[in-house]
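I have placed the structure first, in the form of structure tokens, so that the comments after it can refer back to it.
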Amino acid sequence: MTISSNRNVIRWVIIASSFIIISLILWNTYSFFQKFKAEERVKIKTWSVAQNNLLRSVYENLDEDVDPVTTHVLTETTTSTPMLVIDKNGGYNSINLDEEKLKDPAYISYLINKFSNENEPIEVIVKDEVYQTIYYGNSPLLKKIGYYPLALLLIILLFASVVYFFYKSTKTAEQNKLWTGMAKETAHQIGTPLSSLVGWTEILKTENVKPEYIAEIEKDIDRLQTITDRFSKIGSAPTLETLDLVAVTISSYEYLKSRSSKLINFEIEHPDTQIPVSLNAQLYSWTIENLVKNAIDAMKGKGNLKLSISQIEKQVFISISDTGKGIPKQFFTKIFEPGYTTKKRGWGLGLSLAKRIIEDYHKGKIKVIQSEIGKGTTIQITLKTI
């Protein structure tokens, strides 16, 4: 059995044990509630018997003193239970109720219905006639006990939420460490053949090779060095410097244009003036490349691709529009989640990395501002200028 399967077994044992414990607590609480309620009914029945004895002594033996036990029961056993006693003539007597409110007949009717729903009324019978009917509600203590299971469930839900978010954040942190380690190892592995390529390029310069060929090779070597540097910086706080956003964007865009299908019509609109922004050039270029490559994939290598740069006061907007298959509105935010992809290949990390680079590192925003199925999508980056 693997470590992972052992952890799953332990997790399910903990969940099952917690469920059993919670069930036992709720069952015991319910049992205690029912027992306490039954004891209160016994108290009220005892009170009704004492009331019956009092009424009989009044009607049968006017000169006889009331039994002390009866008096004690009538005065001491209903210290908290609300009671409404209605006699056969419609008169009433109340215990533990607001006398001012009882002056309203509607309130009396309300109490009768409320108490009848909480507890079955008890009749006081004198000489085979129902002389009084006792309506009583739950005592304050019984009400508190009734709320206890709800409070317990709420506490359990809050505790479960804390555990869930802690587990989720821990798992995310572990995944981030894994991706960071993989990225740094990738950068290390690329570095060795890259150094060899640099050496071979220098040798080619001494041979009879066309300079333009060597120039293109050097561009790709520089590109690989940039990619290596990007991967090596994952997990580290990037250094931002004041750069011309227009120049950096054009450089990344033109590089992809020269190495993409000729069936794609590349277009770019930008102001003639510089736009100074705090940037990490390598990470920002990575974002532009991810967005452009996604647009190319969405168009299946054929269509119109437009990048536009505009500035309004202290904000600059970089929009990338394609004529691809489009994105359903319910997926506008989901496409930026790690692992989400509609492609048969790839891990679905491109847009997630783009979101992290723009929002976490550059304190900007990235979102889908427009998309229509079968017509295309526009994704916009918003950054603050200096």
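The values are calculated or read from the model by the stated rules, or taken from the named source; none is laboratory data. Model, not experiment: these values are computed from the prediction. Cβ sites come from the backbone with ideal geometry, for glycine too, and all protein chains shown count toward neighbours. Side chains included, ligands, DNA and RNA excluded: accessible areas come from the protein's heavy atoms. Shrake-Rupley method; radii C 1.70, N 1.55, O 1.52, S 1.80 Å.
Here are the numbers for the structure shown:
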| read-out | value |
| --- | --- |
| Charge tally in the Cβ shell below 10 Å around Ile268, where Lys, Arg are +1 and Asp, Glu are -1, Ile268 excluded | -1 |
| P(r) of the range 78-133 over all Cα-Cα pairs, binned every 10 Å from zero, in whole percent | 21, 56, 21, 1 |
| Filtered GluC sites (Glu not before Pro), the range 86-126: DSSP coil and at most 14 other beta carbons within 10 Å | Glu99, Glu100 |
| With all protein chains modelled, accessible area of Arg41 [1.4 Å, Å²] | 60 Å² |
| Long-range amide H partners of Tyr92 with built H, under 5 Å | Asp87 |
| Greater than 29 Å apart at Cα, pairs in Lys293/Lys375; Lys262/Lys363; Lys262/Lys314; Lys300/Lys334 | Lys262/Lys363; Lys262/Lys314 |
| Per-residue HN-Hα couplings for the range 202-213 [Karplus 6.51, -1.76, 1.60; θ = phi - 60°; Hz; x = Gly/Pro] | 5, 5, 4, 5, 7, 8, 7, 10, 4, x, 5, 5 |
| Positive minus negative residues near Val246 (Lys, Arg vs Asp, Glu; Cβ under 14 Å) | -4 |
| Karplus (6.51, -1.76, 1.60) ³J(HN,Hα), θ = phi - 60°, over the range 350-365, in Hz, Gly and Pro reported as x | x, 6, 5, 5, 4, 5, 5, 4, 6, 7, 7, 8, 10, 6, x, 9 |
| Neighbour net charge for Asn138 - beta-carbon separation under 14 angstrom, K R +1, D E -1 | +3 |
| Estimated Rh, the range 219-293: Kirkwood, alpha-carbon pairs, angstrom | 13.5 Å |
